[in-house]
Each structure stands twice: as C-alpha cells, then as structure tokens.
Amino acid sequence: MSFEPASLQQSWPLPAKPRPVVTFGAGSIVGDAHYPAYNKGGFPIAGLFDPDEAKARKLADEWGVTVYASIAEGAAVENAIFDLATPPSRHAEILKVLPEGSFALIQKPMGSDLGQASEILRICRERNITAAVNFQLRFAPMMLALKDAMAQGWLGEVVDFDAWLALDTPWSLWPFLNGLPRVEIAMHSIHYIDLIRQILGNPLGVHAKTLGHPNHEVAQTRTSAILDYGNRVRCSLSINHDHKFGRKFQACEFRVSGTEGAAYVKLGVNLDYPRGEPDELMIYPKGGSGWVSVPLKGAWFPDAFVGRMANLQRFASGEDKELVSSVEDGWYTMALVEAAYQSSATPATPLAQKPEA
C-alpha cells in the first residue's frame, strides 16, 4: 500500500439539519473565527449577548444577527446550540441559566483553574447540559490529517513529540488577560497540551516552568514543559511568545516521530497573528524514502471551528456517536494544566553543594 497524502481526512462531516447558534460574548475571537466558521459551515447564527452593548451591537451589525438584552433572553432561544465565547470566569454563570438538557460549546479554558473546571462539570451534570470545550485544534485540517496518518500506521508507534514556538504574540488583542494570574499555559499552550492528550493519552505527570518577561506585565508568556509518559515516549514543549526579532527565526511547529515514520506540522496562524501564514503538514511515511507534503484544504482558523461545531451539532442530532472534547474529557486537560502550574511553583531539584577542601 502506498502513501496517498491527498486521501487523508481533513474535515468533519456537517450536520444534515444545523441548529441555530446563540453566542455569549462579542470579543475578537467571535468575529475572527467563530462567525466566519459558522457562516462557512452553514450554521445559522441566531444572535448574541455581551454586557458591553456597544461592542455587541457592532459585531451584530457586521453579521446581521440579533442582539439580546440579557443572558436569559439569549438562553430562551429554542433548539439552539449555546456558544460560550466568554472569559473563563464567566462560564459557570451562563451555564446556570441555560435550559436543562441543552447543548453548549464552552470556550477554553474550562474555567480559570481546576476548581472552576470541576464546578462547570458539576453544573453540566446536574442540569443535564451536553457540553464540549472549544479545543478546536483537534479539528484543524492538518491535525485531522496527521491523526488519520497515524491511525493508518504511517508513523508506527509515536515515541517523540516536540512543540517548539518562538513568536511575537500580540497579547494586547485580548485586554481581559490583563491582571490574570494565569495566562500562557491556561490560555495558549492548553491547545497543545489538549492535542497531545488526544494523541498520547494522559501522562503520568508534568515538569514545567512558566514565567513572564521583563519587557511587559503579562503574567506568563514563556513556558518549558516535559510531559512524563514513562520510559518509552519523550514529549516536550518549548514556548516563547517574546521572540520579537523578526520573522526569520520565528517558529510555531510540532515534530512528531514514530518508530517507522515522522511528521512535521507548521501552525501558521500564530505567525503574524491574526493574519497568519499557511499551515503545513509533511510526513515521512513508513517505508518511504523522503518527506511528502500533504496538500491542505483549509487552515486552523476558521476550519477547525467549523469541525468543532459540526461535531457538537451532529452529536445533538444523533449523527455522531462521540462528542470530542466533552467536559468530561476536558476536565483532564484542565487537570494537566493545574499540574503544570503546581510544578512551576515547586522549587527545582537543587544542585549539590561542593564538599569543603
């Protein structure tokens, strides 16, 4: 059997009868990713609510949708999928107002910390709310294709996973991050941690250090982490959002190596965000003699958001049997994030003292 890169899965099937979407929150991610994706996927947008009425009205006018006067008014829309594009500390408040038995998509992270994630999980269980967390990197065309190649055995057993980022990230686009005690892992690298969990499963633990930078006041923008998968798999992340020295040596990439093949992934959107660059996926397949470029048919933004919503809608209609990144699964990603912050706050193994002469 020969490796056929164009045949790899890159998209999620769409629902036969999409439900209307009600969005809570009118931040940049909604206009940059959510609504372009929903428009592309054919998901009708019913309307939105944001406590900043002027911001809500501006976004609603751009997309020709309704502005709701309150959370309760938005939650009253029948047969809707509720899209919580809200800061993590607001998720629980909105979930408490949604109808029992409803379906929701919760923006990552699943709360500000593991305690809030547990509260969100409790609310969803008590109110019978079927909720997924918006870990949409799992649905990016390059990642769907990578996982399909892995499932077909083209890499063999995955034994190495490296995430390497050297970026100039415009944190000013998200003013709600100012003053938050947890930023880099909780708001950014959580995507990579979640994807690694999907590919490799839950690790035994994590060694991590996350810190800020003297040139600004964002809590953390640099992280080094090792996920412990025992003695067979090596997994590391090197993340630097303060590499402000031109594009030449900037990077946002994964290197995934197996016992019989390997893959290289470029996550283009983070390079010159939000304009970004094209994503890339290259695979050195089992039995091959060189790297093969996979022709991608979309990008992380907005196509992953199409797939994320499609899976939730299809699960609501019974077309999909599995809800990817449910709150039950997302809780474990939050537990790994919590462990990383605990590791960062724990003193490292000290050097031995030189014996006296």
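The values are calculated or read from the model by the stated rules, or taken from the named source; none is laboratory data. Model, not experiment: these values are computed from the prediction. Cβ atoms come from the backbone with ideal geometry, glycine included; neighbour counts cover every protein chain shown. Heavy atoms of the whole protein, side chains included, go into the accessibility calculation; ligands, DNA and RNA do not. Shrake-Rupley method; radii C 1.70, N 1.55, O 1.52, S 1.80 Å.
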TODO: Tally the residues that are closer than 27 Å to residue 88 by Cα and open to solvent by 70 Å² or more (accessible area, probe 1.4 Å), restricting the search to the range 316-330.
DONE: 2
- [ ] For residue 220, work out the one condition from (1) free of Cβ contacts under 8 Å to residues at least 40 places away in the same chain; (2) open to solvent by 40 Å² or more (accessible area, probe 1.4 Å) it doesn't fulfil.
- [x] (2)
TODO: Kindly list the number of the only condition in (1) of a type outside the set (A, V, I, L, M, F, W, C); (2) out of contact with any Phe, Trp or Tyr (no Cβ under 8 Å at 6 or more places or on another chain); (3) open to solvent by less than 10 Å² (accessible area, probe 1.4 Å) that fails for residue 302.
DONE: (3)
- [ ] Tell me, yes or no, whether the range 257-268 has at least one residue that is surrounded by fewer than 17 Cβ atoms within 10 Å (Cβ to Cβ), at pLDDT 95 or above, over 24 Å from the mean Cα position of the chain (by Cα) and of a type in the set (D, E, K, R).
- [x] yes
Open item on the list: Go through the range 117-129 and report how many residues are part of a helix (DSSP H, G or I) and open to solvent by less than 30 Å² (accessible area, probe 1.4 Å).
Closed with: 5
Task: Residue that is under 21 Å from residue 121 (Cβ atoms) and outside any helix (DSSP H, G or I), where the choices are 323, 312 - done: 323
Open item on the list: Residues that are among the aliphatic types (A, V, I, L, M), within 25 Å of the chain's Cα centre (by Cα) and either closer than 21 Å to residue 313 by Cβ or part of a strand (DSSP E or B) (or both): does the range 31-40 have at least one?
Closed with: yes
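Within the range 66-101, how many residues are in a loop (DSSP other than H, G, I, E, B) and surrounded by 20 or more Cβ atoms within 10 Å (Cβ to Cβ)? It would help to see each step written out before you state the result.
Kept after step one, since they are in a loop (DSSP other than H, G, I, E, B), are these residues of the range 66-101: 68-70, 76-80, 85-87, 96-101.
Retained after the next criterion (residues that are surrounded by 20 or more Cβ atoms within 10 Å (Cβ to Cβ)): 68, 80, 85-86, 98.
Going through the range 66-101 one residue at a time, the tally reaches 5.
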TODO: Report yes if some residue within the range 192-202 is out of contact with any helix residue (DSSP H, G or I) (no Cβ under 7 Å at 6 or more places or on another chain), surrounded by 17 or more Cβ atoms within 10 Å (Cβ to Cβ), closer than 21 Å to residue 272 by Cα and not aromatic (Phe, Trp, Tyr); otherwise report no.
DONE: no
Open item on the list: Among the residues of the range 149-189, what is the count of those that are within 20 Å of residue 301 (Cα to Cα), of a type in the set (D, E, K, R) and open to solvent by 10 Å² or more (accessible area, probe 1.4 Å)?
Closed with: 1
TODO: Within the range 271-281, identify whether any single residue is in contact with a strand residue (DSSP E or B) (Cβ under 9 Å, 6 or more places away or on another chain) and in a strand (DSSP E or B), and answer yes or no.
DONE: yes
Task: The one condition in (1) surrounded by fewer than 19 Cβ atoms within 10 Å (Cβ to Cβ); (2) of a type in the set (Gly, Ala, Ser); (3) in contact with a helix residue (DSSP H, G or I) (Cβ under 9 Å, 6 or more places away or on another chain) that residue 111 fails to fulfil - done: (1)
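This table checks each residue for (1) touching a residue at least 24 places away in the same chain (Cβ under 8 Å); (2) of a type outside the set (Phe, Trp, Tyr); (3) over 27 Å from residue 342 (Cβ atoms); (4) crowded, with 18+ Cβ neighbours inside 10 Å.
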position: 216; (1), (2), (3), (4): yes, yes, no, no
position: 239; (1), (2), (3), (4): yes, yes, no, yes
position: 255; (1), (2), (3), (4): yes, yes, yes, no
position: 282; (1), (2), (3), (4): no, yes, yes, no
- [ ] Please go through the range 130-148 and pick out each residue that is over 17 Å from residue 263 (Cβ atoms) and open to solvent by 10 Å² or more (accessible area, probe 1.4 Å).
- [x] 130
